[in-house]
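The values are calculated or read from the model by the stated rules, or taken from the named source; none is laboratory data. Since the model is a prediction, treat every value here as computed from it, not as a measurement. Note that each Cβ is placed from the backbone with ideal geometry, even for glycine, and that neighbours are counted across all protein chains shown.
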Amino acid sequence: MSDVVELAENPYSRLIAWEVWNFMSIAHAKAEFDERNILNFKGYNDSGKSAMLQALKVLVANTNPTKQVSFIQDDKDYFRVIGYFSDGITILRDKYINGQSLYEMYKDNTCIYSSKQGNTLTRITDVPKPIADYLGLIMYDGVCLNARACFEKQIGVQTTGAENYSMFNAVLKSEEIASAGKMLNNDKNKLLADINTYENELSTYKTLISETKDITEGMITYLKNSDSAVDSCDEALVKLGDINNIITALSQIALYPVLDAIETDQLSTLANIDAYYSALSEIIVYPNVDVISEDDIEKLSLLAKLQHSVEQLFELPNIPEVAEIDISVLEQLSNIKTLKETLDNCVVMPEVPNIEDAIVKSLENINMILWGIADCTATIQDIDSKLEKGSQELDELNKELLAHGVKLVKCPDCGAMFDPDGVHGH
């Protein structure tokens with residue numbers, strides 16, 4: 001059946017995760033399916049794998065209703081399980097230490113069903129019908145199963161013995177059974193083929209063993225010695241081949257005639273060659289070091305530092321020896337140096353001639369006048385600002401009076417404002 005047909009025939013949303021609090025050994029945990037709709041639980045014994053599956057069964061099927069109180073952790077008053085679905089639905093399941101339960105369904109964080117009666121919790125024996133209808137639950141042999149398992153194979157049921165076959169036969173139907181049978185037949189055929197192959201190989205080995213029953217230990221020893229002799233002959237042939245190559249190379253070497261006289265340049269060249277050979281023979285060939293230990297590296301580093309220090313010492317100038325210097329003299333020299341640096345930082349004012357008292361007083365009076373002029377200037381600027389502000393207010397009043405049909409003019413003599421069209425003249 002293709003994926004398109006499965007999606008079209010599946011009326012239910014997909015469980016994407018569930019979350020657990022205070023349930024058995026789990027204080028808080030969350031399980032999420034991956035993009036392939038697969039969830040893999042891995043952990044040591046008693047790490048909470050079965051507890052997560054048990055919490056899911058309590059959420060979707062309300063399994064073990066009489067034992068659910070024992071699932072609450074010892075120091076807690078309740079446990080909570082929440083299932084998250086792909087269409088935005090969230091199902092909440094609480095169980096309290098007093099035996100009361102709570103089922104709630106949310107759509108995009110808005111409660112659309114609650115098992116509370118007003119604000120009072122109730123005892124729950126079966127999954128409430130709105131939630132059972134949403135989950136598509138069916139009953140088989142007294143056990144509540146999720147009908148969506150035949151489409152998505154998300155929710156498994158932990159059972160024992162022959163219950164597995166009967167329960168999953170009701171859910172997976174004949175198509176899944178046939179598929180499983182086909183896979184088993186394929187595995188069976190492959191196993192039979194492997195068995196036949198091994199039997200044929202075993203028969204071949206038995207035939208070989210039966211054919212070698214007349215071989216004795218002496219024959220085996222003789223064959224080993226013959227094989228060693230053949231190897232020795234091969235090595236001798238290789239050596240003869242090398243000797244043959246050497247003879248061929250010697251035959252190709254040109255024999256130079258004996259010279260009665262050698263030119264001077266040739267003698268010089270031979271002398272240089274002899275000098276180079278002597279120099280090469282005097283070169284010390286140090287042995288190769290394959291591995292340098294950490295101690296050797298540290299020693300080499302210390303030697304490099306010592307070489308650098310020695311080079312710096314050679315670069316230092318030779319300081320002449322001096323007699324002993326009194327500490328008090330050094331302190332005085334240090335004080336003199338400090339005083340000199342302070343004097344160098346001082347600003348030297350230029351020299352001025354003597355100034356008479358009358359000139360000083362005149363300058364003081366001029367300074368006072370300048371300060372007074374500055375105050376007057378500030379006052380005049382303040383008055384100008386106020387006049388400008390008053391003129392603006394007057395213009396606004398004139399505009400308002402004009403709007404009311406009143407026109408004022410300024411008297412050229414006294415500066416007062418009056419209405420020329422008024423009853424009283426100015």
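Worth pointing out:
- Leading residue by the ranking (modelled with the lowest pLDDT) among those in the stretch 283-311 that are among the β-branched types (Val, Ile, Thr) and within 45 Å of the chain's Cα centre (by Cα): Val289
Residue-wise test of (1) out of contact with any Lys or Arg (no Cβ under 9 Å at 6 or more places or on another chain); (2) polar (S, T, N, Q); (3) over 24 Å from Ile138 (Cβ atoms).
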{"residue": "Phe41", "(1), (2), (3)": "no, no, yes"}
{"residue": "Leu59", "(1), (2), (3)": "no, no, no"}
{"residue": "Tyr78", "(1), (2), (3)": "no, no, yes"}
{"residue": "Gly83", "(1), (2), (3)": "no, no, no"}
{"residue": "Tyr96", "(1), (2), (3)": "yes, no, yes"}
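- Every condition in (1) surrounded by 14 or more Cβ atoms within 10 Å (Cβ to Cβ); (2) closer than 25 Å to Gly136 by Cα holds for Val69 except the one numbered (2).
- Any hit, the stretch 77-89, residues being over 17 Å from Tyr12 (Cβ atoms), modelled with pLDDT of 90 or more and either surrounded by fewer than 18 Cβ atoms within 10 Å (Cβ to Cβ) or not assigned by TED's automatic domain parsing to the domain that holds Gly48 (or both): yes
- Qualifying position, being modelled with pLDDT under 85 and in contact with a helix residue (DSSP H, G or I) (Cβ under 8 Å, 6 or more places away or on another chain), among Asn37, Asn45: Asn37
- Residue-level check: of (1) assigned to a helix (DSSP H, G or I); (2) modelled with pLDDT under 90, Ser70 misses just (2).
- Subset tally (residues that are in contact with a helix residue (DSSP H, G or I) (Cβ under 7 Å, 6 or more places away or on another chain) and in contact (Cβ under 8 Å) with a residue 60 or more places away in the chain) for the stretch 12-34: 3
- Pairs linking a residue in the stretch 54-79 that is on the phi > 0 side of the Ramachandran plot to a residue that is surrounded by fewer than 16 Cβ atoms within 10 Å (Cβ to Cβ) and among the small types (Gly, Ala, Ser), with Cβ atoms under 9 Å and 6 or more positions apart or on different chains, are Asn64/Ser70.
- Flag for Gly99 being at pLDDT below 85, of a type in the set (Gly, Ala, Ser) and under 18 Å from Gln68 (Cβ atoms): no
- Of all residues in the stretch 385-401, those that are of a type outside the set (Lys, Arg) and over 16 Å from Ala416 (Cβ atoms) total 8.
- Cross-chain or 6+ apart pairs with Cβ under 6 Å, the stretch 38-51 first and in the same structural domain as His28 (by TED's automatic domain parsing), then assigned to a loop (DSSP other than H, G, I, E, B): Leu39/Phe33; Gly48/Ser25; Lys49/Phe41; Lys49/Gly43; Ala51/Met24; Ala51/Ser25
- Filter result for Thr120 (surrounded by fewer than 16 Cβ atoms within 10 Å (Cβ to Cβ), within 43 Å of the chain's Cα centre (by Cα) and either in the same structural domain as Val81 (by TED's automatic domain parsing) or at pLDDT below 80 (or both)): no
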